[in-house]
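A.B. asks: Below: one structure in structure tokens.
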Amino acid sequence: MKGWNVVVSVYQDGFRRALRALQKLGLAERSPYHNVLVMKVEDPIALLEAIEKRTEENPALYDAISRVAPATRDIDFLSEEEFVERAKSIMYEWSSNLAGRSFHVRLRRRGTKHNLGTQDGAVVQ
């Protein structure tokens, strides 16, 4: 799917249940990665609220959906160097909003193994 803006990790036994529930809230489909769905929605924050409401109505979804993450940017890369360069580019775009504030980046690996460390591997200066 082109233009996705939400990544959803699902539990092994809940894949079909999660996919059916999410397709009622927006365009949702399998990603090429194990137990990961992608979605394209108008408002990712509103989607989070809708999923919360659905899980209150249907608590079994708590056992199907592991993590829902709105995505404002994605990075395709083939090497650690390419990842660092693309991450730097995004950081420069966001620098005015980040100035004087703290933040963190969480890297969740799926698919091809890269030599990126979560604590010290891809330091951006």
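The values are calculated or read from the model by the stated rules, or taken from the named source; none is laboratory data. Everything numeric in this text was worked out from a predicted model, so none of it was measured. Using ideal geometry, Cβ is built from the backbone for each residue, glycine included, and neighbour counts are taken over all protein chains shown.
A.B. asks: Would a scan of the range 79-100 turn up a residue that is among the polar types (S, T, N, Q) and assigned by TED's automatic domain parsing to the domain that holds S31?
C.D. replies: No, the conditions are met nowhere in the range 79-100.
A.B. asks: Scan the range 46-73 residue by residue and report those that are in contact (Cβ under 8 Å) with a residue 12 or more places away in the chain and of a type outside the set (A, V, I, L, M).
C.D. replies: Result: R54, N58, D63, S66, R67, P70, T72, R73.
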